Amino acid sequence: MKPSTLLLLTTLSLSACSTVPSGPSALVLPGQHKDQQQFQKDDASCRKLAHSQLLAAPHQPQSLGEGQLHFDIYYLQCMYGQGHLIPVSGEVSPEAPEKSPHSALN
């Protein structure tokens with residue numbers, strides 16, 4: 001292989017990896033009745049799945065931030081499907097719907 005072709009292939013492969021994160025940025029906790037060993041096994045499996053899904057996507061991420069977002073989505077879906085917990089914000093909207101006088105009759 002010519003040195004120029006090798007250089008081009010190396011550059012292309014490195015630029016493709018620059019938008020693929022190395023791991024999730026989201027918190028996942030072990031699910032009920034899941035021990036640490038099972039959690040680690042599922043974590044490794046879901047990281048691989050998220051990575052392969054990201055590389056196989058028809059629309060490749062244009063930035064590391066976009067790549068991280070998509071990686072996290074694939075990873076969280078997988079971990080949730082394995083029965084693990086995904087913490088969510090407990091914030092309440094400041095504007096709660098008002099009760100109508102007729103709501104007590106329903």
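The values are calculated or read from the model by the stated rules, or taken from the named source; none is laboratory data. Only a predicted model underlies this, so the values are computations on that prediction, with no experimental measurement involved. Glycine also receives a Cβ, built like all others from the backbone with ideal geometry; neighbour counts cover every protein chain displayed.
Within the range 37-53, residues that are under 11 Å from HIS84 (Cβ atoms) and charged (D, E, K, R) have Cβ atoms under 7 Å from residues that are at pLDDT 95 or above and in a helix (DSSP H, G or I) in these pairs: ASP42/MET79, counting only partners at least 6 apart in sequence or on another chain.
For the range 27-39, the set of residues classified as assigned to a loop (DSSP other than H, G, I, E, B) and loosely packed, with under 15 Cβ neighbours inside 10 Å consists of LEU27, GLN32, HIS33, ASP35, listed by residue number.
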